[in-house]
Amino acid sequence: MRKVFDLRSDTEIAKWTTPCPHIDGVEIVRTPVFKIEDYSPEMMAKRFELYASGKIEAFMELYSQILENGGPAFGHILRHVRDRPNEACIIHCTAGKDRTGIIAAILLKLAGVSDEDIAEDYALTRVGREPARPRVMARLTKEPLFATNSEAALNMFTSRSETMLAFLALLREKYGGVREYLKKYVHLSDQDIDIIRQNMLALSGNS
């Protein structure tokens, strides 16, 4: 593994990051989905409202924001798969299930994985992230927006399969499917997309 793609904003990193150890041969690539201005008090208040509701429709509004802002960030990752298919990488954000979940779903969809299997994989995020739950929840409760509403913090931590199924429907109905999204927002060509797909299938042994 030679690269780590970090989808967090400058604001998140400045606020929460402890110094990372240097690892020889590993490059950390900053690929923020959101810019500093997307973390204004007004924008954070709006996101708080959406998370607090816990409704799938609210998450779809959040996920639309990620899709519409994330093209350049996702492009770095997808071009890595296109150009260096034999070099494994790590992708992460803060909670590890919204921004990261969306790019993972895009990659899986390109590889032809069914909606149901992608949704099941997304739901398993809860299991993998469970050991970090107390630490993340403690951090969230220090945020003024979440300190007075623990339910909102819990909603922020969820990764339900029905949320991912709704996202994949949104990707088809609003953005024309994964291929059209990648062409419009990530500026990949049909040839680029075909190479990425073929690389993924070759690595999985399903070509």
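Values in this text are rule-based calculations from the coordinates and carry no lab data. Keep in mind the model is a prediction, meaning the values are calculated, not measured. Reconstructed Cβ throughout: ideal geometry from the backbone, glycine too, with neighbour counts over all protein chains shown.
Counting only alpha carbon atoms, the long axis of helix 41-53 and the longest principal axis of the chain meet at about 90°.
Whole number please: convex hull volume per residue of the Cα set in segment 40-128, in Å³? Walk me through the intermediate numbers first.
Details: hull volume 10.7 nm³, N = 89.
Roughly 120 Å³ of hull volume per residue.
Shown in residue order for segment 89-99 are the 3J(HN,Hα) couplings computed by the Karplus curve 6.51 cos²θ - 1.76 cosθ + 1.60 at θ = phi - 60°: 9, 10, 10, 8, 10, 8, 7, x, 9, 9, 4 Hz (x for Gly and Pro).
Compute the acute angle (0 to 90°) between the alpha-carbon long axis of helix 190-204 and the principal axis of greatest extent of the alpha-carbon atoms of the chain; round to the nearest 10°. Approximately 90 degrees, to the nearest ten. Rounded to the nearest whole Hz, the Karplus-based 3J(HN,Hα) values (6.51 cos²θ - 1.76 cosθ + 1.60, θ = phi - 60°) of segment 59-69 follow the sequence 5, 5, 5, 4, 6, 5, 4, 5, 4, 7, 9, with x at glycine and proline. Footprinting exposure proxy ranking of Ile106, Ile195, Ile23, fewest other C-beta atoms within 10 angstrom first, gives Ile23, Ile195, Ile106. Charges were assigned to the Cβ only: +1 to each Lys and Arg, -1 to each Asp and Glu. The resulting dipole of the chain about its Cα centre is roughly 340 debye.
So which of Lys15/Lys142; Lys55/Lys184; Lys55/Lys183; Lys109/Lys183; Lys3/Lys184; Lys109/Lys184 end up more than 21 Å apart by C-alpha? Among Lys15/Lys142; Lys55/Lys184; Lys55/Lys183; Lys109/Lys183; Lys3/Lys184; Lys109/Lys184, the Cα-Cα distance tops 21 Å for Lys55/Lys184; Lys55/Lys183; Lys3/Lys184. In this structure the amide hydrogen of Cys89, modeled in the peptide plane, comes within under 5 Å of no amide hydrogen from residues 5 or more places off or on another chain.
Counting other beta carbons within 10 Å of each Cβ, put Asp10, Asp98 in order, fewest first.
On the way: Asp10 13, Asp98 22.
In increasing order of surrounding Cβ atoms, one gets Asp10, Asp98.
Sort Met43, Met200, Met1, Met164 by Cβ crowding within 10 Å, fewest neighbours at the top. Numbers along the way, then the final one.
Details: Met43 13, Met200 19, Met1 10, Met164 26.
Listed from fewest to most nearby Cβ atoms, that is Met1, Met43, Met200, Met164.
Here the convex hull built on the C-alpha positions of the chain has a volume of 124 cubic angstrom per residue. For Val29, the residues whose modelled amide H falls within less than 5 Å of its own, excluding neighbours fewer than 5 places apart on the same chain, are Val4, Phe5, Asp6. In this structure, Lys46 and Arg2 have a Cβ-Cβ separation that, at R0 = 35 Å, corresponds to a calculated FRET efficiency of about 0.40. Between 0 and 90 degrees, the angle of helix 161-175 with respect to the longest Cα principal axis of the chain falls at about 60 degrees.
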